[in-house]
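As structure tokens, the structure follows; a few thoughts come after it.
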Amino acid sequence: MISVILPVYNGEKFISDAINSKLKQTHENFELIIVNDCSTDSTLEIISEFALQDSRIKIITNPINKKLPASLNIGHQNASGDYITWTSDDNLYKPNAFEECLHHLQNSNSHIVYTDFDLINDNGTVLKRRTLSEPEYLVNGNCVGASFLYKREVYETLKGYNEDLFLVEDYDFWLRALITFKFKYVPESLYFYRSHGDSLSSQIGNNEKKNNLWKENLTRMYDGFLSNFTNKHEFFSSLFTKQLTHQPILLSELLQNKKDFVSLVQNIVRNDLLNKGNIKKVLKEKLLQLLISNPQKGSTFKFSIFIVINFWRQLKKNDIKTLIKYNFFK
């Protein structure tokens with residue numbers, strides 16, 4: 001059985017479509033646990049009607065607004081499925097999503113499976129397909145996305161979602177899982193992710209307070225992850241956050257810590273669950289992005305030499321062109 005956790009706060013606009021997309025699944029052995037996070041609109045009335053019609057739907061109402069990570073933990077703690085996923089009140093599953101994800105999870109040595117998804121607007125019109133990346137790219141950003149399924153043991157081993165890391169709770173969960181569990185990426189679109197002004201993603205971009213909290217929690221998240229691989233985790237967590245959030249970075253600072261960066265790479269690639277070539281490729285791309293966005297006079301050439309010495313096997317033709325361009329023509 002699959003347990004589907006659906007946290008919702010004031011989701012009256014899209015919640016009916018979200019629930020219906022689950023009730024239309026070709027794999028029917030699931031339970032839908034809706035965690036109503038103290039909604040003040042008509043959400044409770046809507047989901048209660050669905051629960052009366054289908055015994056697979058369970059409703060838990062928080063007495064106070066506890067935010068997403070706490071609601072996720074509450075839902076998981078009440079789940080009885082062998083496999084678990086969670087979703088948002090504004091997103092939709094394609095009819096074969098559960099069946100396909102379960103097939104890939106049961107027929108591989110993986111613990112977590114994730115897939116591509118289609119981006120839709122308020123009206124449900126498909127805007128484009130989001131093609132994701134192999135799991136090693138988690139080091140460079142949250143590449144798991146919104147369509148996934150994992151074994152119950154993943155949640156239990158990781159002891160749930162970190163309730164102190166609101167806005168990055170999912171990314172933190174995947175990074176912690178990357179150390180211990182095997183991921184499988186399925187390049188098939190099984191989900192609709194809705195882009196609209198009220199979503200948390202939009203609020204991060206438009207709300208200064210939420211944006212600052214997002215950056216702060218990103219740094220804390222990276223610090224926890226990188227502490228498994230380096231004593232300089234505070235420096236590198238700040239570096240990774242700045243790069244992901246497009247903040248200025250001095251190349252000279254990284255050059256001063258270049259030996260520690262090499263050590264960090266070596267320690268990460270020792271993880272047998274990861275593709276070593278992909279990890280080095282991802283970190284090479286991270287350095288090239290720093291070069292492109294922050295070329296410094298007096299540091300660019302030394303930085304480029306550092307990339308060539310440590311990542312020459314991963315360099316492609318376009319990478320060489322980039323190095324030449326930012327050393328001689330910029």
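Things to note:
- The single residue among Phe229, Phe236 that is assigned to a loop (DSSP other than H, G, I, E, B), at pLDDT 95 or above and not assigned by TED's automatic domain parsing to the domain that holds Ser293 turns out to be Phe229.
- When residues in region 118-152 are screened for being exposed (fewer than 13 other Cβ atoms within 10 Å of the Cβ) and either under 30 Å from Ser80 (Cα atoms) or polar (S, T, N, Q) (or both), 4 of them pass.
One line per residue, one yes/no per condition, for (1) farther than 25 Å from Ser238 by Cβ; (2) under 22 Å from the mean Cα position of the chain (by Cα); (3) not aliphatic (A, V, I, L, M):
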residue	(1), (2), (3)
Leu264	no, yes, no
Leu274	no, yes, no
Ile279	no, yes, no
Glu285	no, yes, yes
Leu291	no, no, no
Ile305	no, no, no
Lys321	yes, no, yes
Phe328	yes, no, yes
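- Index of the failed condition, Lys128 passing every other in (1) free of Cβ contacts under 8 Å to residues at least 40 places away in the same chain; (2) among the charged types (D, E, K, R); (3) touching a His at 6+ places or on another chain (Cβ under 9 Å): (3)
- Residue among Ser252, Ser195, Ser201, Ser263 that alone is under 25 Å from Leu92 (Cβ atoms), polar (S, T, N, Q) and in contact (Cβ under 8 Å) with a residue 24 or more places away in the chain: Ser195
- Any hit, region 242-264, residues being of a type in the set (Val, Ile, Thr), surrounded by 20 or more Cβ atoms within 10 Å (Cβ to Cβ) and not assigned by TED's automatic domain parsing to the domain that holds Leu158: no
- Taken across region 155-162, residues that are surrounded by fewer than 16 Cβ atoms within 10 Å (Cβ to Cβ), farther than 25 Å from Thr219 by Cα and of a type in the set (Val, Ile, Thr) do not occur at all.
The values are calculated or read from the model by the stated rules, or taken from the named source; none is laboratory data. Since we're looking at a predicted model, the values are computed, not measured. We place every Cβ from the backbone using ideal geometry, glycine too, and count neighbours over all the protein chains shown.
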